[in-house]
Amino acid sequence: MNAAPRENWGEANRRHLMAAVQAMFARRDGRAIDMPQPIDPPARLDSLAATFGLGPFEQEVLLLALAHELGLVPGERPTIGEAFGLAGGAVDPALCPQGPLRRWRLIEIEGNGGFTRQTIRLDERILHHLLGIDYLDTRLDGLIEPVAAGGALSPAEATKTVEHLAHLWQ
């Protein structure tokens, strides 16, 4: 891994993200190019992929949507048809409602008409996260609030808290 000093991580993350966008477009155009080398700490694209179990195609769909949101390519938002083009025209189950991109609402599908003409919108919070900008999701305003860090829980207290949360989520 390439070690990026902590103070330059934001810049390294953006370079990694833009290199990944360029690699995605190169592959789409039939040119062989590798994804950029990982950085340490991991780039947001890499950590998002690991957290949500995103494969290469799903990562490229995120990159395609990101490129459109940032105005790196002309035109409207990408379509499902364009995304299928990244997979060589194969219909990929990654864009189904139960696939991680839509299940975790990393993207939204919008529009009318045939499925392949519908557009892909990258969630704004995910856009900012990929760029290295962190904030509390505004959709959670009024539901949760940040709390000051307290003392560490004992192992017994931590286990009890986790069990209680697991019970609430069932």
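Evaluate the following for THR79: is it of a type in the set (Ser, Thr, Tyr), surrounded by 13 or more Cβ atoms within 10 Å (Cβ to Cβ) and under 12 Å from VAL61 (Cβ atoms)? Here the answer is yes, as THR79 does meet what is asked.
For beta carbons closer than 8 Å, sequence separation of 6+ or different chains, a first residue in the stretch 19-33 that is of a type in the set (A, V, I, L, M, F, W, C) and a second that is open to solvent by 80 Å² or more (accessible area, probe 1.4 Å) and part of a loop (DSSP other than H, G, I, E, B), the qualifying pairs are VAL21/LEU72; ALA23/ASP34; ALA26/ALA32. Here the stretch 1-35 is the region considered, the condition is being small (Gly, Ala, Ser) and open to solvent by less than 40 Å² (accessible area, probe 1.4 Å), and the residue that is modelled with the lowest pLDDT is ALA4.
Restricted to helices (runs of 4 or more DSSP H) entirely inside the stretch 31-87, those with at least 3 residues that are more than 22 Å from ASN8 (Cβ to Cβ) and of a type outside the set (Gly, Ala, Ser) are 56-69, 80-86. Scanning the stretch 46-73 for residues that are among the aliphatic types (A, V, I, L, M), open to solvent by 20 Å² or more (accessible area, probe 1.4 Å) and within 18 Å of PHE84 (Cβ to Cβ) yields one hit, VAL73. Picking from residues in the stretch 109-153 that are among the acidic types (Asp, Glu) and outside any loop (DSSP other than H, G, I, E, B), the one that is surrounded by the most Cβ atoms within 10 Å (Cβ to Cβ) is GLU124.
Suppose the filter is out of contact with any Lys or Arg (no Cβ under 9 Å at 6 or more places or on another chain) and at pLDDT 85 or above; does VAL91 pass it? Against the criterion (out of contact with any Lys or Arg (no Cβ under 9 Å at 6 or more places or on another chain) and at pLDDT 85 or above), VAL91 does not qualify.
Restricting the first member to the stretch 126-154 and to residues that are modelled with pLDDT of 80 or more, and the second to residues that are part of a loop (DSSP other than H, G, I, E, B), the beta-carbon pairs closer than 6 Å and six or more apart or on different chains are ILE126/LEU106. Could you say whether any residue in the stretch 89-112 is over 12 Å from the mean Cα position of the chain (by Cα) and among the aromatic types (Phe, Trp, Tyr)? So far as the stretch 89-112 goes, no, none of its residues is over 12 Å from the mean Cα position of the chain (by Cα) and among the aromatic types (Phe, Trp, Tyr). The set of residues in the stretch 155-170 being modelled with pLDDT of 80 or more and open to solvent by 80 Å² or more (accessible area, probe 1.4 Å) consists of PRO155, GLU157, LYS160, VAL162, GLU163, HIS164, HIS167, LEU168. Has the stretch 36-45 got any residue that is more than 13 Å from the chain's Cα centre (by Cα), over 25 Å from ASP134 (Cα atoms) and exposed (fewer than 11 other Cβ atoms within 10 Å of the Cβ)? Scanning the stretch 36-45, I find no residue that is more than 13 Å from the chain's Cα centre (by Cα), over 25 Å from ASP134 (Cα atoms) and exposed (fewer than 11 other Cβ atoms within 10 Å of the Cβ), so the answer is no.
The values are calculated or read from the model by the stated rules, or taken from the named source; none is laboratory data. Treat the numbers as computed from the prediction; the structure is a model and nothing was measured. Cβ: placed from backbone, ideal geometry, glycine included. Neighbour counts: every protein chain shown. What goes into the accessible areas is simple: the full protein's heavy atoms, side chains included, and nothing from ligands, DNA or RNA. Shrake-Rupley method; radii C 1.70, N 1.55, O 1.52, S 1.80 Å.
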